[in-house]
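Beneath this line is the structure, given in structure tokens, with notes to follow.
The values are calculated or read from the model by the stated rules, or taken from the named source; none is laboratory data. Worth saying up front: this structure is predicted, and the values here are computed from it rather than measured. Every residue, glycine among them, receives a Cβ derived from its backbone with ideal geometry; neighbour counts consider all protein chains shown. Protein only, heavy atoms only, side chains kept; ligands, DNA and RNA dropped before computing areas. Shrake-Rupley method; radii C 1.70, N 1.55, O 1.52, S 1.80 Å.
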Amino acid sequence: MTDNPSENVTRRDFLKIAWGAAGALALVETGGVVLSFFSPRVAEGEFGGMIEAGLVDSFAPASVTPFTQGRFYLVRMPDGGFVALYRKCTHLGCAVPWNPSENRFVCPCHASAFEMDGQVINAPAPRPLDRFAVIIEGGMVKVDTSTPIQRDHATDADLVYAEVP
Amino acid sequence: MTEPFDPRPEDLKQRVWESIQRDELPPKDDRGRMRVVMNNLVLHLHPSKVAKPTLKFTYTWGLGGLSILLVALLAVTGVMLMFVYTPSPATAYMDMLALQTEVWFGQFVRNIHHWSGNLLVIVAFLHLLRVFFTGGFRTPREFNWVLGVGLLLLVVAANFTGYLLPWDQLAYWAVTVGSSLLSYVPVIGEGLRNFLLGGPEVGAATLTNFYGLHVAIIPLTLMGIVSFHIWRVRKDTLSIPHKLDGTIDGAESNQVEKVTTLPHLVSREVVFALVMTGLILLWSMWVNAPLEAAANPDHSPNPAKAAWYFMGLQELLLHFHPVFGAIVIPALGLGALALVPYQRFDLSAEGVWFRSTKGRRMAIAGALSALVAVPLLVVLDEYVIDLPAMLPTIPTLISNGWIPFAAVLLLVIGYYEGVKRVFKATACEARLSVFVLLVVSFVLLTVIGIAFRGEGMALMLPWEVL
């Protein structure tokens, strides 16, 4: 064999690369096994499905109704629009209680405060309260708690209105 | 010539004893004492001889040994607790109540475990300070310093995972807050938190995950690295205390006197361990580990505080955007801490407390600067400066993140250059001063978080908080 090492891979180099590649592959595979083994175990039927909140007329305008099992507040704005706010503070995940006397949500952990529509009025929270999709069908308000929707600003486009009969 | 077929002694009792303990007890002379150290499993982590000056108590303060003692106490009491505890949300809190009311000495064993864990955070931190202030991280011990920093993180991780296990309100919300910090890590943060918690929120999966980490993964990793840490101390030897003029402290000449480990070092270790064990037992008899109401995911207590060793971090979060408070500043701090021994030394100050006379004055300057600046900045940020409101058009990542971060960084750099010029100091001494400034600042933030933050995390006086 008259291999020129500068042009060709020698047998020794080839074996080194092969061993290295096999080792790296084994590591990746092991990592994959470990990650999948410990991947989140989500139980079906818990918080995460469609929740029927109630009839449109049972929520007065300018009211905030907590849904403990669904982990959200159903807010009806003074103009009649609905928005469902995830109760988890966008700062560090504390449950944010509604404070009726101050007319705002105040987080007990780091004093973040949110307006009725979830808009931040006091840092450190970096963004408004996440919301869930609200669907109104036949006068019934339903909230889809499967995916919290993150937003940079709370806008009127987030509000859902009951169709006027 | 006939060799005896079996040269061992005839007496069975003596043969059994010699098969276990290879050397004569008690050893008669120095040679025998050194052999016992070399041949004994526990004692072989010591060298057979040590430099006499390093035995001085006020040099090491016994802090490394005390850490080992606490790990031993934690292992023993931790295994005992495993027999009466089930990591499930349905049973965990009831098990805690049963432990405290029905199990013989249950409260006592839990107290020892709880207080030893908390004390370990303090002792490990003080050990780090001692090594830094005496220049014990110098060549060839750089990597052992890095191992030590890793051990400190593992100790905090062990405390954090143990925090959740009682499943009371304090535990539940401290872990909710603590794990939410992770979700601010760019790109992988959200996935990482879900992986750790075993789901989107703290729940049953979180409890099993944390239990596995707390009783198996963290202790095993910790003990592995501790062995490596001590083995390196043995290989590299302890640094020797020096006086300011460079002479060896506690020695007549510059020739280091060596004494046998047994009994000079071992007897000191045993006495100190016994005294400390006695104090921990007394404390655990009188002061109970806290247990609040059972965890209630629907209601965060007010104020909801993290574990005390995270209160400095939580305080940072009140002043900085979370990306800076939870990620950038702690990561920079840890990175700088790990790199401390790899900087160039322009001073031969191994074993000298605070490097030099100038270094001692500069350490005081650093502490005083922090004592003035930190409360001032906290009060200013609380009542006067509200950057996001002053700059409403700019994203809070900049107005509440980059701007205050850059300001603090400039203050620290200005301080470094300032003290270097004022004291006409070397880089070693100026770095020492900045280190003291940052450590005292972190301790002050922790104290403010613990004692000066009340309902709604508003600033209050300690007697309104505690």
Those aspartates and glutamates that a straight Cα-Cα span of less than 12 Å connects to B:Lys49, excepting residues fewer than 8 apart in one chain: B:Asp30, B:Glu257
Theoretical ellipticity at 222 nm over chain B - DSSP helices of four or more residues, -39500 (n - 2.57) apiece, nearest 500: -19500 deg cm²/dmol
List of region B:440-466 residues, accessible area with partners at least 10 Å² below that of the chain alone (1.4 Å probe): B:Gly456, B:Met457
Residues of region B:78-127: accessible area per residue with a 1.4 Å probe, Å²: 52 Å²
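For region B:410-466, what's the relative contact order in percent, using C-alpha pairs closer than 8 Å and at least 6 residues apart? Let's see the in-between values first.
On the way: 30 pairs, mean separation 11.2, N = 57.
It rounds to 20 percent for region B:410-466.
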Complex-versus-alone comparison for region A:17-40, residues with a loss of 10 Å² or more in accessible area, probe 1.4 Å: A:Leu35, A:Phe38, A:Pro40
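Interface size between chain B and chain A, please: total buried accessible area, 1.4 Å probe, rounded to the nearest 100 Å². Write down the numbers at each step before the final one.
Details: alone 25500 and 10720 Å², together 34050 Å².
In total, this chain pair buries about 2200 Å².
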Spherically averaged projected area of region A:109-165 from its Cα convex hull (nm²): 4.9 nm²
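Accessible area per residue of chain A at 1.4 Å probe, in Å²?
Per residue, chain A has an accessible area of 58 Å².
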Percentage of interatomic Cα-Cα distances in region B:84-131 larger than 16 Å: 54 percent
Sorted largest first, extent of chain B alpha carbons per principal axis (Å): 101, 64, 43
Degrees, to the nearest 10: A:11-37 long Cα axis against longest axis of chain A: 20 degrees
Whole-angstrom Cα spans of the protein assembly as shown along principal axes, big to small: 118, 82, 68
Residues whose placed amide H lies under 5 Å from that of A:Met50, excluding near-sequence neighbours: A:Thr145
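Could you tell me what percent of the accessible area of chain B is made up of carbon and sulfur, with a 1.4 Å probe and every protein chain present? Present the calculation step by step, with values, prior to reporting the outcome.
Numbers: 17190 of 24460 Å².
The value for chain B is 70 percent carbon and sulfur by accessible area.
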Reduction of at least 20 Å² in accessible surface, 1.4 Å probe, comparing all protein chains with the chain by itself, residues of region A:110-124: A:His110, A:Ala111, A:Ala123, A:Pro124
Per principal axis, descending, Cα span of region B:188-273 in whole Å: 66, 30, 21
Where only C-alpha atoms are counted, convex hull volume of region B:244-307 per residue in Å³: 224 Å³
Label-point gap, in nm, between B:Gln21 and B:Asp245 - each point 7 angstrom along Cα→Cβ: 4.7 nm
Under the span-like rule (Cα at least 24 Å along the axis, Kyte-Doolittle mean at least 1.0), DSSP H helices of chain B: B:63-82, B:142-164, B:261-286, B:403-422, B:427-451
Using distinct alpha-carbon pairs, which all enter the 1/r mean, Kirkwood radius of region B:325-395 in Å: 16.0 Å
Cα convex hull of region B:344-466, projected area averaged across orientations, nm²: 9.9 nm²
Fraction of accessible area attributable to carbon and sulfur, chain A (%, probe 1.4 Å): 58 percent
Spherically averaged projected area in nm², based on the convex hull that wraps the Cα atoms of region A:46-165: 7.0 nm²
